[in-house]
Amino acid sequence: MLTTVPNLTECFTQFVNARLQNFASSEQDVLESSNSSSREISPEKACSSYLLTCGRAWGISLTIRGTISEEILKPYFPSDSDTKDENLLYRSSLHGKGLNRFWSNIEGYLGPLLLLISATGDAQEDSTNIRKWIICALTHQGFENRDMFYGNSGTLYAICPVFHAFSPSGKERNFVYSHLHPTGRVYEPHPKPVGIVFGGTNGNERVYMDEDFAKATVRHHAIDKTYHHGPLFPNQGFLPVEALILEVEVWGLGGRKAREIQLSYKKREDLFTEQRRKVDLKTFASWEDSPEKMMMDIIADPNRVQREDR
């Protein structure tokens, strides 16, 4: 039990301390403004609509140690300087579905990340027998746009309806794969798959999300040597399961420093983009000497004789 949940012996102490701190801060707020406090919503209720509920966050925190465990519980035990959703980097229903929207929100974040996927049933099966499940993956580094697997550690989780953690097996290191379409239109005889993958190999991914975040494919654990074996949802079976994605969430677990680094990275990228969009008209000559006017004159009268200056 302690191998699966190494933080179990410390969880009750952490829970009591966090509750006492939360109670002390909330009691002080009540004394200052009793009228407004009755209309405030607790962090647990405010975050109940998220895939990462208080119970799920607590369950995941028991399987890991260190500051990551504390960061997971921050939305439900916030301090005075924290906001309840400051660790939420991406939510598909809020920021839009798709790999490009996902990338614009998580790019530049270099800390640990927790990605949750909520999906329903098999995309092929009859709608009368629909089952919903939630799985998630913990990475100890930020996502990178690469056409190969990377990562130094990670954990897969079956969240709902059954909770289970699948730690690294140590046989392979195919923890994460995240690849976008190349920016340049270059012909590739064997193009790499576009999407997000956890475990397995190219063509036999254990968990695969397409670039539109429309479908998720989950394969049997036999093809994966990176994470420990076990079903990610009940009655998974041996055949690949294609499910319809309902929601995707990404939570940053690198603390305030990782968030500040990401914000500075985004500001720098926005500045570069704005500079590339601006056109300095002083660098161009007059309209009479411009190549655009020459092309328009040729199109208007292609037989007209053009004088050349030698």
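The values are calculated or read from the model by the stated rules, or taken from the named source; none is laboratory data. A quick note: this is a predicted structure, and the numbers were derived from the prediction, not measured. Note that we place each Cβ from the backbone using ideal geometry, even for glycine, and neighbour counts take in every protein chain shown. With ligands, DNA and RNA removed, areas are computed over all heavy atoms of the protein, side chains included. Shrake-Rupley method; radii C 1.70, N 1.55, O 1.52, S 1.80 Å.
Enter the accessible area of residue 104 (Å², nearest 10), with the probe set to 1.4 Å and all protein chains included.
60
For residue 228, list long-range residues whose amide hydrogen, built 1.01 Å from N in the peptide plane, is under 5 Å from its own amide hydrogen.
Amide H to amide H, under 5 Å and 5 or more residues apart or across chains, residue 228 pairs with 167, 169.
What are the ³J(HN,Hα) values, in whole Hz, obtained from phi via the Karplus relation 6.51 cos²θ - 1.76 cosθ + 1.60 with θ = phi - 60°, for each residue of the range 208-219 in sequence order, with x given for Gly and Pro?
Along the range 208-219, the couplings run 9, 10, 6, 5, 8, 6, 9, 10, 10, 10, 10, 10 Hz.
Can you list residues whose amide H is under 5 Å from residue 246's amide H, if they're 5+ apart or on another chain and H is modeled 1.01 Å from N?
118, 119, 120
Divide, for the range 142-270, the radius of gyration over alpha carbons by 2.2 N^0.38 Å, where N is the residue count.
On the way: Rg = 16.2 Å, N = 129, 2.2 N^0.38 = 13.9 Å.
The range 142-270 yields a ratio of 1.16.
If the convex hull of the alpha-carbon atoms of the range 204-268 is projected onto planes in all directions, what is the mean projected area in square nanometres? Please report the intermediate quantities before stating the final value.
Values: hull surface 26.8 nm².
Average projection, Cα convex hull of the range 204-268: 6.7 nm².
Quickly work out the residue 272-to-residue 86 label distance, labels modelled 7 Å from Cα along the C-beta direction, and quote it in nm with one decimal.
2.7
What net charge do the residues around residue 267 carry, taking every other residue with its C-beta under 14 Å from that of residue 267, with Lys and Arg at +1 and Asp and Glu at -1? Display every interim value, and only then the final one.
Values: positive: 259, 266, 268; negative: 107, 260, 269, 270, 274.
Around residue 267, the charge tally is -2.
What net charge do the residues around residue 105 carry, taking every other residue with its C-beta under 10 Å from that of residue 105, with Lys and Arg at +1 and Asp and Glu at -1? Show your work: numbers first, answer last.
Details: positive: 91, 101, 266; negative: 107.
Around residue 105, the charge tally is +2.
Sorted by mean Cβ packing within 10 Å, highest first, what order do the peptides 234-241, 294-301, 213-220 take?
Going from most to least packed, we get 213-220, 234-241, 294-301.
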